[in-house]
Amino acid sequence: MISNFKLKFGRAPGLNPETITATPVTVFVGPNNSGKSKVLSEIEQYCRSGSKDASAVILDDLAFSGLSVEKALQAVEHIKQAPNQGEALNIDHIIVGSKYGRQQVHFNSLTQFIQNPNSNLGAFCQWFLKHSTLILDGRNRINLVDQQVAGDLQQAPQSSFQVLFQDDTKRHEVRRIVNEAFGSYFVIDPTSLGQLRIRLSQRAPATDLEERGIHAEAVQFHSNAQLIDLASDGVKAFTGIVTEVMAGDPRVLLIDEPEAFLHPSLASKLGYEVSRAALSADKRVLVSTHSPTFVMGCIQSGAPVNIVRLTYRAGTATARVLPSDEILELMRNPLLRSTGVLSGLFYEFVVVTESDADRAFYQEINERLLRFKPEWGIPNCLFINAQNKQTVQTILRPLRKLGIPAAGVVDVDVLKDGGTTWTNLLSGANVPDIAHGSLATMRASVKKAMDATGRDMKRDGGVAILNPSEQEAARNLLSQLEGYGVFVISGGELESWVKHLGVSGHGPSWLISVFEKMGEDPSAENYLKPSDNDVWGFMKQLKSWLIDPNRKGIPA
């Protein structure tokens, strides 16, 4: 029933606030401290009160659409409760409630508000949506599988276990999901009279009566099954969330870090099943996650999914909607899938290198900067590698399209190739088309000058093989590329760094030797610590582009 939500900020500093059309599933992603959990709590507060929270820092407003008459009546029945013994009921009133309280409301007014929420948003939320909103966080998801009161079977069910116990279809659906996840069969045990407990059985019950009865065969069946209390936290968390989604039937379900306690494959399965349930039952599921596998599970379910990336740095917040079809297309590319590029959604910055040796080296350099010279180190940064210089842009392009600051690091021989290879690099870095011609001319001139030296631009010193005026031209070209987040190693290649360590070789062999020379014990005398030049200064330049809110190269 949430039709859209408006945030307090937009895709980039200075742009209009983002208004997001609600889909069955909305997933909030982003680096730590970007507001993912906060926005869930602000949405929950709005759904329960029907008014803006003056202290909200992310959510500006929610908009709601009404239900048809038939669905409104069904919704009322879901939260309707029987009067307590001796409780007086006003004429034309009913009692509605949940674990968040109960109250008498006028029946006709309630149904009208559900059909037209905007006629009285406060009453709609406080009389109805409050009882149909559920938030699941790390504090309560494990407890969702604790035993529950069996209740009165003559009355409407009041808890998720009661719903599942009475509804064979829903219980069987939970059993299917749990069995596919763990190979065990979810069953509800009523044999502790007055209580309902979850057990995991090695076989499915032969009949519903064998599960739901208290005769000898039923007692024996449940005695052979394991109480879920003895299962791992992952099993409990997964089963608890599935139980609430299928049985609790909230209109608005908010889940904070559903992947907690779960193996990646289970996180993917949970995302898939939660999204399918949201689509089939007209729910709104809003999730905060750090798990790329959960995101992929949501997308692969076929349900319409909004992926909203939040960021917050130096007092500036941004929000960007990432279309799920673009995420899916990104993950269909074997190169992107193999590099784990989707993990970039959960980092503040990404650095893309040519090879794995490059990645490992720059990542280690950054770790040492963060420890000993943090003002130059890049915080919350993911380092990933392509297969060569030609495929760096293949990774840069989709990351930047998603609004993720991603810098590319390439050897100087990137200047060798013109034509499509050069154009693809510029396009992947989002360099304006109108600038391609001038940059291509500069590239050709610098390459010609390097070729004229008769030396190898990559192995023999990079830009340093040119005369002073030619060096100036080359550095001007590299500076323009750096403005768009493409960092060319002016010394030639990876192996041109930390020459004073006296390491020879190339690629992995060089990396192993240089790591040995750099040392591994920070307290040791030979441990290489940051200086003010060499690769350390190069990383400082990288950081300057990444943290600049007005950086070039990121599509608005």
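Tabulated results
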read-out	value
Answer from GLU42, GLU77 - the residue that is acidic (Asp, Glu), buried (at least 18 other Cβ atoms within 10 Å of the Cβ) and in contact (Cβ under 8 Å) with a residue 12 or more places away in the chain	GLU42
Which listed residue is surrounded by fewer than 19 Cβ atoms within 10 Å (Cβ to Cβ), of a type in the set (Gly, Ala, Ser) and in contact with a helix residue (DSSP H, G or I) (Cβ under 9 Å, 6 or more places away or on another chain), from SER132, SER184, SER160, SER109	SER109
Elements of type strands (runs of 3 or more DSSP E) contained in region 323-441, each with 1 or more residues being of a type in the set (Phe, Trp, Tyr)	349-353, 381-385
Candidate set: region 478-508, residues that are polar (S, T, N, Q) and surrounded by 13 or more Cβ atoms within 10 Å (Cβ to Cβ); chosen: the one nearest to ARG397 (Cα to Cα)	GLN480
Test for LEU262: is it in the same structural domain as LEU328 (by TED's automatic domain parsing) and either crowded, with 21+ Cβ neighbours inside 10 Å or out of contact with any Gly (no Cβ under 8 Å at 6 or more places or on another chain) (or both)	yes
Residues located in region 294-322, provided they are touching a helix residue (DSSP H, G or I) at 6+ places or on another chain (Cβ under 9 Å) and farther than 12 Å from VAL29 by Cα	MET296, GLY297, CYS298, ILE299, GLN300, SER301, GLY302, ALA303, PRO304, VAL305, ARG313, ALA314
Residue match in region 482-502 (condition: among the aromatic types (Phe, Trp, Tyr), within 30 Å of GLY403 (Cβ to Cβ) and not in a helix (DSSP H, G or I))	yes
Some residue of region 233-249 being outside the structural domain of ILE79 (by TED's automatic domain parsing), within 18 Å of ALA303 (Cβ to Cβ) and not aliphatic (A, V, I, L, M)	yes
Leading residue by the ranking (nearest to the chain's Cα centre (by Cα)) among those in region 304-353 that are surrounded by fewer than 13 Cβ atoms within 10 Å (Cβ to Cβ), within 16 Å of VAL392 (Cα to Cα) and touching a residue at least 12 places away in the same chain (Cβ under 8 Å)	GLY340
Residues of region 20-60 that turn out to be more than 19 Å from the chain's Cα centre (by Cα) and over 18 Å from THR316 (Cβ atoms), as a count	12
Cβ-Cβ under 8 Å pairs, at least 6 apart or on other chains, region 56-73 side over 18 Å from PHE9 (Cβ atoms), far side among the polar types (S, T, N, Q) and part of a loop (DSSP other than H, G, I, E, B)	GLY66/ASN116
Residues (surrounded by 17 or more Cβ atoms within 10 Å (Cβ to Cβ) and in contact with a helix residue (DSSP H, G or I) (Cβ under 7 Å, 6 or more places away or on another chain)) located in region 212-222	ARG212, ALA218, PHE221
Within region 135-149, considering residues that are over 20 Å from LYS80 (Cβ atoms) and among the hydrophobic types (A, V, I, L, M, F, W, C), the one surrounded by the fewest Cβ atoms within 10 Å (Cβ to Cβ)	ILE142
Meets criteria (part of a strand (DSSP E or B), touching a Ser or Thr at 6+ places or on another chain (Cβ under 7 Å) and within 29 Å of LEU15 (Cβ to Cβ)) for ILE299	no
Unmet criterion (only one of (1) of a type in the set (Gly, Ala, Ser); (2) closer than 28 Å to SER98 by Cβ; (3) crowded, with 21+ Cβ neighbours inside 10 Å) for ALA231	(3)
Boolean, ALA225 is touching a helix residue (DSSP H, G or I) at 6+ places or on another chain (Cβ under 8 Å) and either modelled with pLDDT under 95 or surrounded by fewer than 23 Cβ atoms within 10 Å (Cβ to Cβ) (or both)	no
Residues of region 174-195 classified as over 18 Å from VAL245 (Cβ atoms) and in a strand (DSSP E or B), total	4
Any chance MET518 is closer than 30 Å to SER438 by Cβ and either in the same structural domain as ALA407 (by TED's automatic domain parsing) or at pLDDT below 95 (or both)	no
Members of region 111-140 found to be aliphatic (A, V, I, L, M) and farther than 25 Å from GLU244 by Cα, listed by number	LEU121, ALA123
Filter pass, GLN154 being without any contact (Cβ under 8 Å) to a residue 40 or more places away in the chain and either under 19 Å from LYS236 (Cβ atoms) or in a helix (DSSP H, G or I) (or both)	no
Residue selected from region 433-477 under the condition among the acidic types (Asp, Glu) and over 46 Å from the mean Cα position of the chain (by Cα), by the criterion surrounded by the most Cβ atoms within 10 Å (Cβ to Cβ)	GLU470
Test: residue in region 259-275 that is in contact with an Asp or Glu (Cβ under 6 Å, 6 or more places away or on another chain) and modelled with pLDDT under 90	yes
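The values are calculated or read from the model by the stated rules, or taken from the named source; none is laboratory data. Note that the structure is predicted; figures quoted are calculated from it, not measured. Cβ atoms come from the backbone with ideal geometry, glycine included; neighbour counts cover every protein chain shown.
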